[in-house]
1. Can you tell me which of (1) open to solvent by 50 Å² or more (accessible area, probe 1.4 Å); (2) modelled with pLDDT under 95 is the one Ser164 doesn't meet?
2. If I go through region 107-135 residue by residue, how many of them are under 17 Å from Ser178 (Cβ atoms) and within 9 Å of ligand 2 (Cβ to nearest atom)?
3. Answer yes or no as to whether Ile207 is within 33 Å of the chain's Cα centre (by Cα), modelled with pLDDT of 95 or more, away from ligand 1 (no atom under 13 Å from the Cβ) and under 25 Å from Glu282 (Cα atoms).
4. Within region 254-261, identify whether any single residue is within 13 Å of ligand 1 (Cβ to nearest atom) and either under 22 Å from the mean Cα position of the chain (by Cα) or surrounded by fewer than 20 Cβ atoms within 10 Å (Cβ to Cβ) (or both), and answer yes or no.
5. Mind checking which residues of region 379-393 are open to solvent by 30 Å² or more (accessible area, probe 1.4 Å) and either of a type in the set (Ser, Thr, Tyr) or outside any loop (DSSP other than H, G, I, E, B) (or both)?
6. Go through Leu95, Leu151, Leu85, Leu105 for me and flag whichever is touching a residue at least 60 places away in the same chain (Cβ under 8 Å), within 16 Å of ligand 1 (Cβ to nearest atom) and open to solvent by 20 Å² or more (accessible area, probe 1.4 Å).
7. Ser102 versus (1) over 29 Å from the mean Cα position of the chain (by Cα); (2) under 24 Å from Leu269 (Cα atoms); (3) among the polar types (S, T, N, Q): which is the lone unmet condition?
8. In region 167-211, which residues are among the small types (Gly, Ala, Ser) and buried (at least 16 other Cβ atoms within 10 Å of the Cβ)?
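The values are calculated or read from the model by the stated rules, or taken from the named source; none is laboratory data. Model, not experiment: these values are computed from the prediction. Using ideal geometry, Cβ is built from the backbone for each residue, glycine included, and neighbour counts are taken over all protein chains shown. Keep in mind that these areas ignore ligands, DNA and RNA; they rest on the heavy atoms of the full protein, side chains included. Shrake-Rupley method; radii C 1.70, N 1.55, O 1.52, S 1.80 Å.
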Amino acid sequence: MLDRISQKFTDIFRNISGKSTISEKNIREAVDEIKITLLEADVNLRVVRRFINRTIEEASGEKVLKAVDPGQQFVKIVYDRLVALLGDERKDLNLKGPDTHSVILLMGLQGSGKTTTSAKLALKLKKEGRRPILVAADLVRPAAVKQLQILGEQVGVEVYSEESKDAVRVVKNALAYSKKKSFNTIIIDTAGRLHLDDAMMKEIKKISDISKPVETLFIADAMTGQSAVTIAKEFHERIGISGVILSKFDSDARGGAAISLKSVTGQPLKFIGVGEKMEDLEPFYPERIASRILGMGDVVSLVEKAQETIETDEAEKLQEKMKSSTFSLQDYLEQFQRVRKMGSIDAILDMIPGAKGNIDPSEIDQEEMKKEEAIILSMTMKERYNHRIIGPSRRKRIARGSGTAVFDVNKLLKKFEKTRLMMKKVAKSKKHQANLMKSLGI
Ligand SMILES: Nc1nc2c(ncn2[C@@H]2O[C@H](COP(=O)(O)OP(=O)(O)OP(=O)(O)O)[C@@H](O)[C@H]2O)c(=O)[nH]1
Ligand SMILES: [Mg+2]
């Protein structure tokens, strides 16, 4: 996924970071390379131009903070611009409440992944507690209805179908049926064509008029790059789409469609298809994709989030504590609480470059964290600040107070001691953020 483009960006960034100062010329050179990279990735030309101009503007005007590595500053500018291009914030489906009907209409060219995505969406929404039904409104391709029925069965969602050639009528009947059977989410799979044609547009327009979808989603095949983008735009102009799902993103090394879609159509990317299995549908997060494209993990947002949650002087104090070995169980507890503020463990692991391979998420047991937190909360302040006083009888009391066993208390104290030692080392060597996180046991 995005291998080729992220490799190029990694090379460009390696070049520019590592420089202690950057000149206009360095920026020009890096920007030129970025331009070539984006064009090679099949990003829309106008999008590239705008992106490059804004980047130059910001990079030249930017007051590079003394404390911050200028190369990093440049990377941050490129990252921020890319996030903006990808749509800034995550946009979820706009569905109505469970007591009313929400229609989701899927459209796109032949083979773009409409049928597969319909079933994936049905599964996702079912898991979220909605009552979805799939409607087979592709009556053009002979095996289309059967395909949807098979997928529907696989995800355990009913499929509405009729022996008919009139897709508009099928949809009308499906709506009545759904109301009667109290399905609240109606997902309509429509026919694709090899090219845009009037008959297809007219049919979809009619289906849209009678079903009044809350979401009209264009399924764009990531592999087709710019042509997917041009066609999405056409669909938006003629029918009006509310969002895009980018399918086959798992096979996309270039990322051109992902980068251009939002800015060319004006409509957000809502999901990405990342495989052929029914579970292979992921929410589209502009920040995560930007980081993947730039080949840097979510490191920028990790740093930002860390800054948000840890006040600067607090962070300094923590560093001091780590170095001087005064890091206490109370600090350890506060780390847990901070981690929680930063989001889930999985989200944090996603952000740390290299962590995915090196840290096994299953080792980071959220239940374990809760347990450890309960244990520390059962200690007195004196114990939290000086863990050495926690002898056998205190351990027994703490275990009782936290609803755990003495074994758990012992385990936590051992882990804490080990963490302290590692932190001391890390703080001294000012190693990578990932190491720090690792030593914190997260
Ligand atoms: N790797 C990968 N394959 C996908 C993805 N989405 C769909 N496919 C595959 O793409 C092919 C076409 O998918 P369909 O869902 O049949 O596409 P469609 O748009 O309904 O096609 P028509 O109904 O013929 O217009 C199938 O082989 C799918 O398994 C995806 O996200 N990743
Ligand atoms: Mg289909």
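1. Among (1) open to solvent by 50 Å² or more (accessible area, probe 1.4 Å); (2) modelled with pLDDT under 95, the lone unmet condition for Ser164 is (1).
2. Adding up the residues that qualify gives 1.
3. On the way: within 33 Å of the chain's Cα centre (by Cα): yes; modelled with pLDDT of 95 or more: yes; away from ligand 1 (no atom under 13 Å from the Cβ): yes; under 25 Å from Glu282 (Cα atoms): no.
It is false that Ile207 is within 33 Å of the chain's Cα centre (by Cα), modelled with pLDDT of 95 or more, away from ligand 1 (no atom under 13 Å from the Cβ) and under 25 Å from Glu282 (Cα atoms).
4. First pass over region 254-261, keeping only residues within 13 Å of ligand 1 (Cβ to nearest atom): 257-258.
Subsequent filtering for residues that are either under 22 Å from the mean Cα position of the chain (by Cα) or surrounded by fewer than 20 Cβ atoms within 10 Å (Cβ to Cβ) (or both) retains 257-258.
Yes, region 254-261 contains a residue that is within 13 Å of ligand 1 (Cβ to nearest atom) and either under 22 Å from the mean Cα position of the chain (by Cα) or surrounded by fewer than 20 Cβ atoms within 10 Å (Cβ to Cβ) (or both).
5. From region 379-393, those open to solvent by 30 Å² or more (accessible area, probe 1.4 Å) are 380-382, 385-386, 388-389, 392-393; that's our starting set.
Thr380, Met381, Lys382, Tyr385, Arg388, Ile389, Pro392, Ser393 - these are the residues of region 379-393 that are open to solvent by 30 Å² or more (accessible area, probe 1.4 Å) and either of a type in the set (Ser, Thr, Tyr) or outside any loop (DSSP other than H, G, I, E, B) (or both).
6. Details: Leu95 fails: within 16 Å of ligand 1 (Cβ to nearest atom); Leu85 fails: within 16 Å of ligand 1 (Cβ to nearest atom); Leu105 fails: open to solvent by 20 Å² or more (accessible area, probe 1.4 Å).
Only one candidate passes the filter, namely Leu151.
7. (1)
8. Of region 167-211, the ones among the small types (Gly, Ala, Ser) are 167, 174, 176, 178, 182, 191-192, 199, 208, 211.
Those that are among the small types (Gly, Ala, Ser) and buried (at least 16 other Cβ atoms within 10 Å of the Cβ): Ala167, Ala174, Ser178, Ala191, Gly192, Ser208, Ser211.
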